[in-house]
Amino acid sequence: MKSSRRLLQLLGHAGRPGPPVLWPRPPAAPGPRHFHSSPACTKSQPARFVNNEEDKTRQKSLVTHDDLFEQVAKEAKTKATFNKVIDFYTKGDIRRRGHVEFIYAALKKMPEFGVEKDLAVYNKLLDVFPKEVFVPRNFIQRMFNHYPRQQECGVQLLEQLENFGIMPNIETKVLLVRIFGEKSHPMRKYQRIMYWFPKFKHINPFPLPTQLPEDPVDLARFSLTRIANDLDAKVTVYQLPCTDITESGAEVTLPHIVGIQSPSQMEQLARHNPQRPVFVEGPFPLWLRKTCVHYYVLRADPTPPEEKVEEPSDPERCLSYPLQLDLDLDLDLGDDESFDVEDLDEGPVFAMCMTSQGDQATLNQWISGLQQSNPILGQIPTLFRLDTGPRELRDVADAESAGHRWFHQEIQREEPNPGEEDEATVEEEPRRSQGMK
């Protein structure tokens, strides 16, 4: 029994863990030491060394469409350079990224390159759109305005085409069908243009030529003929533009003087009362497309009622609408023989002229030339009512800002000091009383 207990004690001591034995570790190899960081920091990109030259190249690579047109415009602003920009964009990226912004920039730059009235350039801009991408596939896409931004860009291109009076052709229609489909908004805009443009193409009874004459004398002759609208009117060139050298050696440029007068105006001037003066007024603007010219008129005040003489109207003056009826018919109580003719109180116009210099000395030469065919002008006093000479149109914003500055200056000038307010009211009272007397 004792031997068994002794055996169990020995076995218990054998199962217990002994004291830990520390073995010497081998020396660690030298290497880089790592810093512990949070998981969020490990996801961020490491800091990149900043290179100025690399940043400059990156900024130059991100060129906007406006800058692209400006770079090409340094060479020459022509149709060839404009088409060169379009070809550069279409060949640069197959996916045509940013094509809407490019088309808007091209539409804005077209007047600078002189291609705003060229239909071939508009068709080339339409060709920038990707084909068969924006065509609606079902009625739901067609109903909810499929790709509205691209369709709006196409409508804006057609509106600019319409504003410059250019009629699209069959190539424009084919491009619109391939890009947006037959039931899109740009296609409807095209159909409206093709419906209304032929109706209004020849509606103007006085059409203007596409290319105006460049010679100032020919332009003045064309403008005066357009204003007069009288086949019997005669255009006279009183002076041609030339350069002369005076005795002192100074160079003097003589302006051109072109006038027009009809036989009926000569008859009215011959019947004019020599006691009543005539007036030279102007300049008055006349716009011919983008060209503005100025003209002057020789006119008189309206004839007083006591001096008016009713002359019998010519029966052959107007056969469709006779001015006088000689019918032997009984009149009813409501019938009236007189015609309602509206009389203008502006006074008669005897002649018109155009010149490059609107000073009184130049217009005196015109009056002297008129005296050869109208001798009565030597007996009639001539007065000049001239405004300032022809000048370029100022910007509306500049004019408004100048007006606001003048208004504020006047307000500050009229505002009295608090101490002077009573004195100002006392001084104004006798002035009002004097005005009442």
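What follows is calculated from the coordinates using simple rules that are stated; it is not laboratory data. Since the structure is predicted, the reported quantities are computational estimates derived from the model, not experimental observations. Every residue, glycine among them, receives a Cβ derived from its backbone with ideal geometry; neighbour counts consider all protein chains shown.
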Discussion item. If you build the convex hull over the alpha carbons only and average its shadow over all orientations, what do you get for the range 150-225? Give it in nm² to one decimal.
Written reply: 6.5 nm²
Worksheet item: Hey, with R₀ at 45 Å, roughly what FRET efficiency would Val297 and Phe144 work out to, going by the Cβ-Cβ distance, to 0.05?
Response: 0.15
Practice prompt. Kindly state, to the nearest 0.05, the FRET efficiency for Cys242 paired with Phe284, given R0 = 25 Å and r defined as their beta-carbon distance.
Written response: 0.45
Worksheet item: Roughly how many Å is it from the Cα centre of the range 81-117 to that of the range 169-189, as a whole number?
Response: 20 Å
Worksheet item: Using a basic spin-label model with each label point 7 Å from the Cα along Cα→Cβ, how many nm lie between Leu386 and Val133?
Response: 6.3 nm
Worksheet item: Can you work out the FRET efficiency for the pair Asn229 and Ala76, with r the C-beta to C-beta distance and R0 = 51 Å, to the nearest 0.05?
Response: 0.75
Worksheet entry | the range 192-229: trypsin sites (Lys or Arg not before Pro) in DSSP loop, at most 15 other beta carbons within 10 Å | Lys201
Worksheet entry | Neighbour-count ranking [beta-carbon atoms within 10 angstrom, fewest first] of Ser264, Ser223, Ser356 | Ser264, Ser356, Ser223
Worksheet item: For the range 61-200, what does the alpha-carbon gyration tensor say about shape, rounded, prolate or oblate, given a ≥ b ≥ c as the root eigenvalues, a/c under 1.5 as rounded, and a/b over b/c as prolate?
Response: oblate
